Structure formats: structure tokens, C-alpha cells
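A quick write-up on the structure given underneath.
We did not get these values from a lab; they are worked out from the coordinates using the rules stated. Source: prediction; values computed, not measured. FYI the Cβ positions are ideal-geometry reconstructions off the backbone, even for glycines, and counts take in every protein chain you see.
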Amino acid sequence: MEVCESSNGEDALNKAKVFKPNLLITDISIPKLDGLNLLKKLKEINSNLIAILISGYNNNPDIEINGVTYLQKPFSIKELYNTILHLTDNYYN
């Protein structure tokens, strides 16, 4: 497993074109290209991409994209781990 990090959405998009991730974990509020638009652009490149959108706000976005879920901050590592397992089990099996 490779892990790649970025400080903003544009950088994440450029890196994703090279590294071709299977999983995206991103905050919704990131500079230069917000998390929702980043996700949409990456889904155009890889429709099988699964994603976890993170936010500290209590306004769960209306997400109806296959393989995508929402996680509200703060969350524990166990919650993140279980969310990843749930997504991968449901999407790839």
C-alpha cells in the first residue's frame, strides 16, 4: 500500500493522476480545489475510486455517489478504520 498526501486539492489531483489511488480520504474544505470537486474530477478518471469525505461541520452533504461516505470530525482511528473496511467490503466484494 502506498500513501500519498497533499496540502491542497490541485496538488492532490495532480498526484492522483500519477499515483492512481483506489481510496481517497479528504476534507471537504481544502484550498484551491475543494474536496467535493476533487472527488468529482477523480471519479471521472477512475469510476471505481472509493472515498471518505471529512468535515468538522455538522452539515452532512447530500452524497449520492457510489463508493463514497462522509465522516464527521472528530473521529477516532477505529472509526476511520471501520469506515475503510465497510467501504472496501461493500464496494469491491
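Of the peptides 9-15, 34-40, 84-90, the ranking by mean beta-carbon count within 10 Å, highest at the top, reads 34-40, 9-15, 84-90. Helices in the chain that qualify as membrane-span-like (whole DSSP H runs, Cα extent of at least 20 Å along the helix axis, mean Kyte-Doolittle hydropathy of -1.0 or higher) are 77-92. Charging the Cβ of each Asp and Glu at -1 and of each Lys and Arg at +1, and nothing else, the dipole of the chain about its Cα centre rounds to 160 debye. Per residue, the convex hull spanned by the Cα atoms of region 1-60 amounts to 83 cubic angstrom.
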